[in-house]
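Notes to accompany the following structure.
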Amino acid sequence: MKRASALQSIATSAVDAASPQIAPRAAPRRSPTIGLAIVAAAAAFAPSAWAADGSMAFSTPTEIGPIVSTTVTSIAMMQDQQISGCAVQAAFELPQTVPQRTADIRFALVRDARQPTGTSFVMSAKIIDRANQPVAVSAMSLATAAANTSRFSQPVARDDGRTDISGVFDALEGGTVMRDIMLSGADVSITTVSATALRLKIVGPVSSSTRSGYLQCAGDLFRPERLKGAP
């Protein structure tokens, strides 16, 4: 047994001696220039938005604006021959440097029986490209002297090509936001799925005819019996 162990030890030593000795390889030196280029490329192709079909837009949003509205009008929204909401609508003509042609932004207080206040505030956008097709929106926000959209829902796409975000205000708070839009103006930010970031501006005060048209509508919308569901 001792002789067999000795022979095995001699054989193992001979194999080790015959095996090539591989020195540990030094880590490759990385060029700082290449490293910076990789970081820059990663930033340039970071996903900026999800499209409705689940695909990603791999480009940094291109910011355009501020673009000032061309016209601002008031709208009485009707349902079942009754006023269901009161809105101020701003139209924008976009510069030739962007693929989008027009933007239509609507701010509305609408009757909403699902809410304890009886009303909801809805901001709605419709962007049209130069082929007259609606453009999908991935994000939108509103800022006035009295409100921002931090309490609002995520954007919801509608079948008519509009995109909505909504929040719950009581009649007084919602009226304050609408007053600010008409008197002090508002700033709207919209990002499309094609990574165009539009900054739109409504300059206050809007025309007296727009203000009076909205107030006439709101006087009917906020009659106590209407908020309780009576016709």
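Scanning region 133-148 for residues that are within 11 Å of the chain's Cα centre (by Cα) and polar (S, T, N, Q), we see that the one that is surrounded by the most Cβ atoms within 10 Å (Cβ to Cβ) is 138. Every condition in (1) of a type outside the set (Lys, Arg); (2) part of a loop (DSSP other than H, G, I, E, B); (3) farther than 15 Å from residue 123 by Cβ is met by residue 169 except one, and the failing one is (3).
When the residues of region 88-97 are narrowed to those that are buried (at least 20 other Cβ atoms within 10 Å of the Cβ) and among the aliphatic types (A, V, I, L, M), which ends up farthest from residue 204 (Cα to Cα)?
Initial filter on region 88-97 (buried (at least 20 other Cβ atoms within 10 Å of the Cβ)): 88, 90, 92, 94.
Cutting the leftovers down to among the aliphatic types (A, V, I, L, M) gives us 88, 90, 94.
Details: 88: 12, 90: 12, 94: 20 Å.
Across region 88-97, the extreme among qualifying residues is 94.
Close contacts from region 104-128, counting a first residue that is outside any loop (DSSP other than H, G, I, E, B) and a second that is basic (Lys, Arg) and at pLDDT below 85, with Cβ to Cβ under 9 Å and a gap of 6+ residues or different chains, come to 111/226; 119/111; 120/111; 120/114.
For the criterion of being at pLDDT 95 or above, of a type outside the set (A, V, I, L, M) and surrounded by fewer than 20 Cβ atoms within 10 Å (Cβ to Cβ), residue 102 passes.
Return the residue satisfying two criteria in turn: it lies in region 70-97 and is of a type in the set (Val, Ile, Thr) and in a strand (DSSP E or B), and of such residues it is nearest to residue 222 (Cα to Cα). So that I can check it myself, show each step before the final result.
Just the residues of region 70-97 that are of a type in the set (Val, Ile, Thr), to begin with: 70-73, 75, 83, 88, 97.
Checking the rest, the ones that are also in a strand (DSSP E or B) come to 71-73, 75, 83, 88.
Values: 71: 26, 72: 22, 73: 20, 75: 15, 83: 10, 88: 16 Å.
Filtering first and then ranking leaves 83.
Cβ-Cβ contacts under 6 Å between residues 6 or more apart (or on different chains), taken from a first residue in region 165-193 that is under 14 Å from residue 90 (Cβ atoms) and without any contact (Cβ under 8 Å) to a residue 60 or more places away in the chain to a second residue that is part of a helix (DSSP H, G or I) and basic (Lys, Arg), are absent. Name the pairs: first residue in region 204-231 and more than 13 Å from residue 83 (Cα to Cα), second residue at pLDDT 75 or above and assigned to a loop (DSSP other than H, G, I, E, B), Cβ to Cβ under 7 Å, at least 6 apart or on different chains? These pairs meet every condition: 204/184.
The values are calculated or read from the model by the stated rules, or taken from the named source; none is laboratory data. This one's a predicted model, so the numbers in the text were calculated from it and none came from an experiment. Every residue, glycine among them, receives a Cβ derived from its backbone with ideal geometry; neighbour counts consider all protein chains shown.
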